[in-house]
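Down below is the structure, laid out as structure tokens.
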Amino acid sequence: MDKVVLAYSGGLDTTYCAIYLSRVRGMEVHAVTIQTGGFSDEELDNIEKRARELGVASFKVIDVTKSYYENCIKYLVFGNVLKNATYPLSVSAERMMQAISVAEYAKEINADYVAHGSTGAGNDQVRFDMVFQSMIPEIGIITPIRDMRLSRVAEISFLKEQGVEMDFAKAQYSINKGLWGTSVGGKETLTSNEYLPEDAWPTPVTETTPQDVTLYFEKGELVSVNGISFDSPVGAITHLQTLAQPYGIGRDVHVGDTIIGIKGRVGFEAAAPLIIIKAHHLLEKHTLTKWQLYWKDQLSTWYGNWLHEGMMLDPTMRNIECFLTDSQQTVTGKVFVTLMPYRFVVKGIESSHDLMNSAFGSYGEMNKSWSGDDVKGFAKIFGNQVGIYHSVNKGKTAVADEQQ
């Protein structure tokens, strides 16, 4: 029997793949779930139980949560990366770590094939395939959902025929959970005008009383929440998520350009990622210079787009990570945040590296480092070239004239 490693989450698509590959294709299916911080121990137990009920030859959980943070999430924080100013790359980043881990496992057990449950209309098919082609080009790739152009309705019908029992009503929504957020896809996200209903969101809103939270960053990394220190930023992220998600913070629907050229929508809830990115960005605005912030914005936008499009293995990414890491040397201090239903406010910061320092002057009030004559001379020199332009081009100096 051909040996195939199946990237398995326990959802509708991978349940279909497990049954199809074993019962229809007659393959020896080795299911592997990659833990990226989104599953509880109980959920992992249920996933394993489910996989074994489906008759897989073996099941394995590979926990890459810390590696996921160190090799990916950390740089998304350093870069304040939000796709289209909205989406914290919850699934994009997670898929890269999953694909790399599946490829390594396939090599370890000498698999003939790897399989994943991606459809033919999304980004994940490209992300998985590119990693597999780079890391394990000798191993074949099988994608039943994509290859047979199956709808979720067709998958459910097949599984019912095979006697598979699961919560098919819940399966109408595709949910992906990870340390950096949870994505939600369903019939509403296939439209341009509908919003996800309340019961589609994985976390119900149960908190209504505003809560103040103090975040402490050290060289750009979140290391404590409300004075509680953690061995790893992973613990701090998880703790902040438990505090903020019950407020319904971080819910949104992202509209973006897919790798394959079509527009797509996906719902997501990512309370901790959004709070961390906004808090970190404010701290940077106080502790970095104008040109540090400028070049970080340029490189971070490119980095986020390239990661989103499945290019985590591109060596250029390592180059940019070096820049981002070096830029964080002074990004240390406290950030004060207030949590409220469906929103949060980043109120301010405290840092010994704060460049908004009254010893050098107060904006709009007074300065302590130069005289009025200094400013007159500076303005004359700084605006010299523009002045020359308008002197040479007399009669064409007004904005309206230039537009004509």
*In the neighborhood of residue 330, defined by Cβ-to-Cβ distances under 15 Å, what is the net charge if each Lys or Arg adds +1 and each Asp or Glu adds -1?*
-1
*Going by the alpha-carbon gyration tensor, a ≥ b ≥ c the square roots of its eigenvalues, is region 62-175 rounded (a/c under 1.5) or, if a/c is not under 1.5, prolate (a/b greater than b/c) versus oblate?*
oblate
*Considering Cα pairs under 8 angstrom that are at least six residues apart, work out the relative contact order of the chain and quote it in whole percent.*
16
*Take the Cα radius of gyration of the chain and divide it by 2.2 N^0.38 Å, with N its residue count; two decimals is plenty.*
1.18
*Would you look at the GNM of the chain, springs on alpha carbons closer than 10 Å, and say which of 153, 114, 223 moves the most?*
153
*Any idea what diffusion coefficient region 93-239 gets from Stokes-Einstein, in µm²/s, Kirkwood Rh on alpha carbon pairs, 25 °C, 0.890 mPa s?*
129
*Treating the Cα atoms of region 94-152 as identical point scatterers in vacuum, please give the log10 of the normalised Debye intensity I(q)/I(0) at q = 0.13, 0.18, 0.22 Å⁻¹, two decimals.*
-0.30, -0.57, -0.82
*Enter the per residue convex hull volume of region 221-281, computed from alpha-carbon coordinates, in Å³ rounded to the nearest integer.*
103
*With all protein chains present, how much of the accessible area of region 49-151 (probe radius 1.4 Å) comes from carbon and sulfur, to the nearest whole percent?*
44
*Might you work out the accessible area of residue 160 for me, using a 1.4 Å probe with all protein chains in place, and round it to the nearest 10 Å²?*
120
*Rh by Kirkwood over Cα pairs, then Stokes-Einstein D for region 317-362 at 1.567 mPa s and 4 °C, µm²/s*: 96
*Can you work out the accessible area per residue across the chain, with the rest of the protein chains kept in place, probe 1.4 Å, in square angstrom?*
50
*Plugging the Kirkwood radius over Cα pairs into Stokes-Einstein for region 171-322, at a temperature of 10 °C and a viscosity of 1.306 mPa s, what D comes out in µm²/s?*
90
_12 Å beta-carbon shell around residue 84, net charge (K/R +1, D/E -1)_ = +1
*Given charges of +1 on the Cβ of Lys and Arg and -1 on the Cβ of Asp and Glu, with all other atoms neutral, how large is the dipole of region 23-147 about its Cα centre, in debye to the nearest 20?*
300
*Of 125, 328, 298, which is the most mobile in a GNM of the chain whose springs link Cα atoms less than 10 angstrom apart?*
298
*Roughly how many debye, to the nearest 20, is the charge dipole of the chain about its Cα centre, given +1 on each Lys and Arg Cβ, -1 on each Asp and Glu Cβ, and no other charges?*
920
*Along the charge dipole of region 1-125, which of 117, 38, 11 sits closest to the positive end, that is, farthest toward it, with unit charges on the beta carbon of Lys, Arg, Asp and Glu (+1, +1, -1, -1)?*
117
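The values are calculated or read from the model by the stated rules, or taken from the named source; none is laboratory data. Because the structure is a prediction, the values reported are computed rather than measured. Positions of Cβ are generated from backbone atoms using ideal geometry, with glycine treated the same way; all protein chains shown enter the neighbour counts. Protein only, heavy atoms only, side chains kept; ligands, DNA and RNA dropped before computing areas. Shrake-Rupley method; radii C 1.70, N 1.55, O 1.52, S 1.80 Å.
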